[in-house]
Structures are given as structure tokens and as C-alpha cells.
Ligand code: BV8
Ligand code: ZN
């Protein structure tokens, strides 16, 4: 592992342009439950059952209950050394883009600046009527939450399964993945599309791709190096 760490460190030191793609695993050491870990199940529901427009149409109160539970779980969590390491990398590397699948807001709290939130954020609500987006961090939001403008039902401002990602954000992610010399893929099970394919886009465009994860994933055989272990321990060693 030490040889690999040195190799990755060396490439990061030389890089003019780099990127990171993060998933729930980077927030695990902050105490945020991951999707597919043992905490991934909430009242025996699977994220794929609740994080969908159909579930929200069928039972908006249940879906809001899940998001408020998650807000309550995430609110006391603080960024961990893995988040902070990516802030340092952004300060050191001239052109650095952080692409995250996470909705927990911990990268922003750690101080990262150039962040692409592929799947939105749990700390914003969006009106199902007029589309107005507002920040809302209230873990006890009264149900039904209604738009201050048109009085229609508010939803979490996240991307659900079956919903398209924001094309502008996707375009910026593609641009970052095409130009980066090094891509760090941190704490994702590489199951959810299109995020799971982004490491391959970068690889095809010539990037040196590094995976940091507790265990192998479907990406492991395609990346240039796999650093197995905790993100909170490995990322600081790359600085
Ligand atoms: C789209 C926001 C098209 C909400 C999320 C087949 C059937 C049905 C659908 C599909 C299909 N194939 C593809 C699809 C589409 C679908 C999809 O990919 N489904 C999957 C289930 C197969 N994708 C979509 O629907 C996407 N949209 O394709 O649109 C379209 C186009 C045009 C018009 C209309 C539609 C939208 C996907 C976005 C879903 N929203 N989140 C919310 O959060 O509530 S996804 C959610 O799970 C997260 O955001 C995250 O992105 C995702 C994956 O989770 P991970 O982040 O990887 O976390 P996970 O728990 O899985 O893994 C944690 C990892 O960390 C593990 O590997 C673990 O080992 C590691 N780890 C743990 N601790 C540590 C660690 N590593 C290091 N250190 C540690 N300490
Ligand atoms: Zn409205």
C-alpha cells in the first residue's frame, strides 16, 4: 500500500488538474449512514423504494418522514479528515473539481468550494408547483410543507431514481472528468448511474484513476490503483 500511496501522492503533486468523485463512504466516518451499509435500511424500506417520484406521489408524508429522519441523523455529523483532505487538495492543485453524489452537505461544511452536487442536497426544498428552491434545514418541518409563494407541496431538492440529473451539472462534471490528470474515486459502491460510469469516462480520457474504498467494487478492476481502507485515514496520507 505504501508504494501505491507514494505513486498517487507523486501524481497529485505534479497534477495541474485533478478531480474527486465521492459517495456516502466518505461521510461514513462522520457518522452519516451509508446507503448500502447496515444502516441503509430505514424501517425496512430500501432507498430505491423511497427515493423515487412514484413513492413521493403515492405517500409524500412517508417520504418526508424518511428525509426528516435523515436530516436529524446528519445534522450532528461533522466533516471528517477525508473531507478536509479534499479541501487541502483543492487549495494546492490549480484546477480541482469535487463531484459528489452525497446530499449531506459535509463537503461544503468542510470548506470545499468547487463542488458539483450530482444528486442535489437534503438541506434545500423545491416547490412541486412553481419550482422555487429554498434552503431549509428544519429537521421538524411541519407536514405538509407548502411553498411560501404558490402554496403547493414542497419536496426535498434531491435527484430521485428515475429522475434526470441537472444537465448543466452533468456537463460540468463531464468537462472536469475529461480534463483531469488524476481522479480520486472515494467511498462509492459504484452502483448508481450515471455517477458509476464517471470513473470510466475519466479513464478513457487519459486520467490516472485511483479508488479509495473499504472493499472492492465493480470499478476496482478498471482503475489504475485501488487503495483499500478508510477514506479518513488514506486521503490525509496523500497530501
Ligand atoms: C437517471 C439522492 C435517467 C437521493 C440518489 C435499472 C433499473 C432501474 C433504474 C436503473 C437501472 N439502471 C440504471 C438505472 C437508473 C438509476 C440507477 O442507477 N439505479 C441503480 C439502483 C441501478 N439511476 C437513476 O435513476 C439516476 N437518473 O438515470 O436518469 C433519466 C434520463 C433522462 C430523463 C429521465 C431519467 C438518478 C440516480 C440518483 C438517485 N439518487 N441519492 C437521496 O439521497 O435521498 S442515489 C444514492 O445512492 C446516493 O446519492 C448515492 O449516489 C447512491 C450510491 O450510494 P453510494 O454513495 O455509493 O453509497 P453506498 O452506501 O452505496 O456505498 C458506500 C461505499 O462506501 C461502499 O462501497 C463502502 O464500501 C464504502 N465505504 C464505507 N465506509 C467507508 C467507505 N469507503 C471508504 N472509507 C470508509 N470509511
Ligand atoms: Zn411554489
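Only the coordinates and a few stated rules stand behind these numbers; no lab work does. Values in this document were obtained by computation on a predicted structure and should not be read as measured data. In this analysis, Cβ positions are derived from the backbone assuming ideal geometry, glycine residues included, and neighbour counts consider all displayed protein chains.
Just a few scattered comments:
- Separation of the residue 138 and residue 151 label points, Cα + 7 Å toward Cβ, nm: 1.7
- Largest-first ellipsoid semi-axes for region 55-99, taking √(5λ) over the Cα gyration tensor eigenvalues, angstrom: 35, 15, 5
- Using the Stokes-Einstein relation with a Kirkwood hydrodynamic radius computed over Cα pairs, the translational diffusion coefficient of the chain at 25 °C and a viscosity of 0.890 mPa s comes to 133 µm²/s.
- Stretchable slack from residue 191 to residue 233, in nm (0.36 nm times residue separation minus alpha-carbon distance): 12.7 nm
- Distance between region 128-190 and region 44-69 - C-alpha centres, whole angstrom: 15
- Considering all different alpha carbon pairs of region 1-86, the Kirkwood hydrodynamic radius works out to 15.7 Å.
- Whole-number D in µm²/s for region 99-204 (Stokes-Einstein; Kirkwood sum over Cα pairs; 4 °C, 1.567 mPa s): 84
- By the Kirkwood approach, averaging reciprocal distances over each pair of separate Cα atoms, region 152-239 gets a hydrodynamic radius of 14.3 Å.
- In the chain, the calculated helix contribution to ellipticity at 222 nm averages -10500 deg cm²/dmol per residue, counting -39,500 (n - 2.57) for every DSSP H run with n ≥ 4.
- Largest mean-square fluctuation among 207, 20, 57, in a Gaussian network model of the chain whose springs join Cα atoms under 10 Å apart, belongs to 57.
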